[in-house]
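This report refers to the structure that appears directly beneath it.
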Amino acid sequence: MHAETIDEVSDWYTGTGAGYEMLLRADKGDGPVASVSTTDISGFELRVFNWGIPVHGLLVADTSTITINTALTGTRNVRDQHFGNISWERNQAGIYSLEAGTEIASNKPHSLLHLVLPVKLLEARARSFFDREPDEPLRFSPVVDLSREGKAVNSLFDYLLVQAVTAPDALRYPAVESSLRELIISTVLGTLPNNYEQRSSSKVDCTVPRSVKRAEEYMRAHADEPISVELLARNAGCSERALQNAFKTFRGTTPMGMLRDIRLEKAYRDMKEATGTIAEIAFKWGFSNLGRFSAQYAAKFGETPSQTRKFC
């Protein structure tokens, strides 16, 4: 979307379910007021926004979403309904709810990267992730340093951008979509400071290693299907945190790390049997980034996917 007027920006926001009253803070130059590109990733939305002018906006409708917002250039200021005035610049991320009354502002042209996440989805998943029933809305620390506590989120953004550009068709494969969804949720809930984490239960309610074996059995039987840690924990009869701890203790890895190895084994079998192209096999088993798939494959089997096909 390329907007030549501020009204076009407001109309675009209205189309996404987020009504903004947008005001220019300077005269428009020769270029567009704003441009935005969007990618839907498993129910989450990745937006790259370029503002050509200073701008002020007031959100006039609740959207039931949270945005993680990084400044690619310039500085962003927000007046949040819960945290008050917050601002961030490059190498930082701002996290806030897109609720009525939220104000956004910038005194200069700037570029932003947004990851928009449904609140209800995050809160529902947080029940299992933190092993507690929420008694208050989920809230994250409003500003994080992308070189410290936000490092994993910064890597996530890089990965999603590459995915959106190089392999958008991979999202048609259920295992790929599920893997990306799990990556986003686990990164956001597991690495960003939030009020649920601060009050989560520390109990281990899981019998091990039986829970690990149950999870492994499920992964091997359903490796080409969408799988999340939440689903594995439910089948293993324990909480997500307990299952994560059990895998770390008894397998030295995470449930998703084990699933990746199982899927690599399945992909290796398909490569030897030549059941499809390298890309088709990778996507079938949940690998959306072909370069990363090839590197992980070679590290595990001592040869690249193309070499396996050549030798068969």
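The values are calculated or read from the model by the stated rules, or taken from the named source; none is laboratory data. Source: prediction; values computed, not measured. Quick reminder, even Gly has a Cβ in these numbers, built from the backbone with ideal geometry, and neighbours come from all protein chains shown.
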Problem - Residue among 43, 15, 52 that is out of contact with any Cys (no Cβ under 8 Å at 6 or more places or on another chain) and either at positive phi or modelled with pLDDT under 65 (or both) - result: 43
Handout entry: Residue in region 251-268 that is within 20 Å of residue 299 (Cβ to Cβ) and polar (S, T, N, Q) present
Key = yes
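Taking residue 266 as the residue in question, decide whether it is assigned to a helix (DSSP H, G or I), in contact with a Leu (Cβ under 6 Å, 6 or more places away or on another chain) and under 25 Å from residue 213 (Cα atoms).
Values: assigned to a helix (DSSP H, G or I): yes; in contact with a Leu (Cβ under 6 Å, 6 or more places away or on another chain): no; under 25 Å from residue 213 (Cα atoms): yes.
It is false that residue 266 is assigned to a helix (DSSP H, G or I), in contact with a Leu (Cβ under 6 Å, 6 or more places away or on another chain) and under 25 Å from residue 213 (Cα atoms).
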Exercise for the section: Would you please name the residue that is surrounded by the most Cβ atoms within 10 Å (Cβ to Cβ), looking only at residues in region 248-264 that are over 21 Å from residue 167 (Cα atoms), in contact (Cβ under 8 Å) with a residue 12 or more places away in the chain and charged (D, E, K, R)? Expected result: 251
Exercise for the section: May I ask you to verify whether residue 245 is closer than 30 Å to residue 133 by Cα and surrounded by 15 or more Cβ atoms within 10 Å (Cβ to Cβ)? Expected result: yes
Fill in the blank from the handout: With the first residue restricted to region 115-131 and required to be under 10 Å from residue 196 (Cα atoms), and the second required to be part of a helix (DSSP H, G or I) and of a type in the set (Phe, Trp, Tyr), Cβ contacts under 7 Å at 6 or more apart or on different chains are 126/196; 130/196
